[in-house]
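Beneath this line is the structure, given in structure tokens, with notes to follow.
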Ligand SMILES: CC(C)(COP(=O)(O)OP(=O)(O)OC[C@H]1O[C@@H](n2cnc3c(N)ncnc32)[C@H](O)[C@@H]1OP(=O)(O)O)[C@@H](O)C(=O)NCCC(=O)NCCS
């Protein structure tokens, strides 16, 4: 494989912090409508857990410029025994020359020697080239995560008259993490983490895996990212207990994204998710956002129904793929 890369005058090397601007440029030419920033990627780089197993290659062209990345690692944000994840992205003009295949030929054996039985990856439903690449490499589709967007300018809150009164009458209080910190509530971050952990574990993901984050990892992703505003993290309280939340990821020069909405099982079906999302729309409109997005799993009818009633429109989703390294069949069949 190195021969093939040598013939292309391309080499693999360690990823460096200085590669981040070029990586962001490739990301933003690939996933145009949800742009990243150097600040965001630097934040992820800094908060990556140092002891997590990972093999990562930067791809460099003969003239020394960065043209892509291949990454295989243990998914530290999930409870996913036997699973490693794979990400490859190349600058568009360097695709279809066998570089993706050369990366795969190194990353896959790494996962295997680490004891992984399955590799997971994902790609956008409308990326035909990526789909062909993964099929050719022996991956099978195991699910899809829907993505949808809402036009905030056209959204009319009046359709949901009574939503706030309903939860207030049932004794709930709606607030934000910023307000809770200002009110000097004892350890609001930890209370929110506990709520997140309980509800995120219930999010159905393809491939028999569940979200499970350490407190530090969760803090850096949800509370400390450059896309976070603590006044954009909404909480429903019952007495002083946190029972519901919705959080926003605020992309710079892009749409807002609901990163997580969760209500504890005993408080579901009482309009909390609706009221929290309505509050988040008010926040977004006040902060000049015109579009908000959400990513949901196919097998999650309650949130899909809620989003449909709010007026979200379906966008191309993310296909989830699996390759078995053990010779066993994949864990699930496509939706
Ligand atoms: C997916 C991706 C990494 C593939 O890398 P690549 O270097 O272009 O792929 P390769 O040249 O090694 O392709 C290997 C085989 O996959 C298939 N393939 C790859 N791209 C294809 C395309 N655009 N159309 C049709 N088939 C394609 C072909 O069978 C190809 O072999 P061939 O050229 O001999 O016919 C690249 O397209 C990319 O960066 N996409 C955006 C990021 C992404 O979606 N990543 C998801 C996978 S982790």
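Does residue 139 qualify as being in the same structural domain as residue 254 (by TED's automatic domain parsing), in contact with a strand residue (DSSP E or B) (Cβ under 8 Å, 6 or more places away or on another chain) and more than 6 Å from the ligand (Cβ to nearest atom)?
Spelling it out, it is not the case that residue 139 is in the same structural domain as residue 254 (by TED's automatic domain parsing), in contact with a strand residue (DSSP E or B) (Cβ under 8 Å, 6 or more places away or on another chain) and more than 6 Å from the ligand (Cβ to nearest atom).
Which one of these is in contact with a helix residue (DSSP H, G or I) (Cβ under 7 Å, 6 or more places away or on another chain), farther than 30 Å from residue 328 by Cβ and touching a residue at least 24 places away in the same chain (Cβ under 8 Å): 86, 152?
Working: 86 fails: farther than 30 Å from residue 328 by Cβ.
Of the residues listed, the single one that is in contact with a helix residue (DSSP H, G or I) (Cβ under 7 Å, 6 or more places away or on another chain), farther than 30 Å from residue 328 by Cβ and touching a residue at least 24 places away in the same chain (Cβ under 8 Å) is 152.
Between 105, 91, 154, 80, which is modelled with pLDDT of 95 or more, away from the ligand (no atom under 15 Å from the Cβ) and either assigned by TED's automatic domain parsing to the domain that holds residue 242 or under 30 Å from residue 62 (Cβ atoms) (or both)?
Values: 105 fails: away from the ligand (no atom under 15 Å from the Cβ); 91 fails: away from the ligand (no atom under 15 Å from the Cβ); 80 fails: either assigned by TED's automatic domain parsing to the domain that holds residue 242 or under 30 Å from residue 62 (Cβ atoms) (or both).
Of 105, 91, 154, 80, the one residue that is modelled with pLDDT of 95 or more, away from the ligand (no atom under 15 Å from the Cβ) and either assigned by TED's automatic domain parsing to the domain that holds residue 242 or under 30 Å from residue 62 (Cβ atoms) (or both) is 154.
Scanning the stretch 228-252 for residues that are more than 21 Å from the chain's Cα centre (by Cα) and in a strand (DSSP E or B), which turns out surrounded by the most Cβ atoms within 10 Å (Cβ to Cβ)?
Only one residue fits best here, namely 236.
Of the residues 190, 118, 145, 132, which single one is loosely packed, with under 13 Cβ neighbours inside 10 Å and either within 15 Å of the ligand (Cβ to nearest atom) or at positive phi (or both)? Before the answer, list the steps.
On the way: 190 fails: either within 15 Å of the ligand (Cβ to nearest atom) or at positive phi (or both); 118 fails: loosely packed, with under 13 Cβ neighbours inside 10 Å; 145 fails: loosely packed, with under 13 Cβ neighbours inside 10 Å.
Only one candidate passes the filter, namely 132.
Residue 167 passes all but one of (1) under 30 Å from residue 304 (Cβ atoms); (2) more than 11 Å from the ligand (Cβ to nearest atom); (3) within 25 Å of the chain's Cα centre (by Cα); (4) in contact (Cβ under 8 Å) with a residue 12 or more places away in the chain; which number fails?
Condition not satisfied by residue 167: (3).
Residues being in a helix (DSSP H, G or I), surrounded by 10 or more Cβ atoms within 10 Å (Cβ to Cβ) and over 31 Å from the mean Cα position of the chain (by Cα): count how many of those fall in the stretch 1-25.
So the answer is 6.
Hey, could you check the stretch 151-185 for residues that are in contact with a strand residue (DSSP E or B) (Cβ under 7 Å, 6 or more places away or on another chain) and assigned to a loop (DSSP other than H, G, I, E, B) and say which is surrounded by the most Cβ atoms within 10 Å (Cβ to Cβ)?
Per the stated criteria, the residue is 152.
The values are calculated or read from the model by the stated rules, or taken from the named source; none is laboratory data. Remember, predicted model here, so these are calculated numbers, not experimental data. Because the Cβ atoms are built from the backbone with ideal geometry, glycine has one as well, and the counts that use them run over all protein chains shown.
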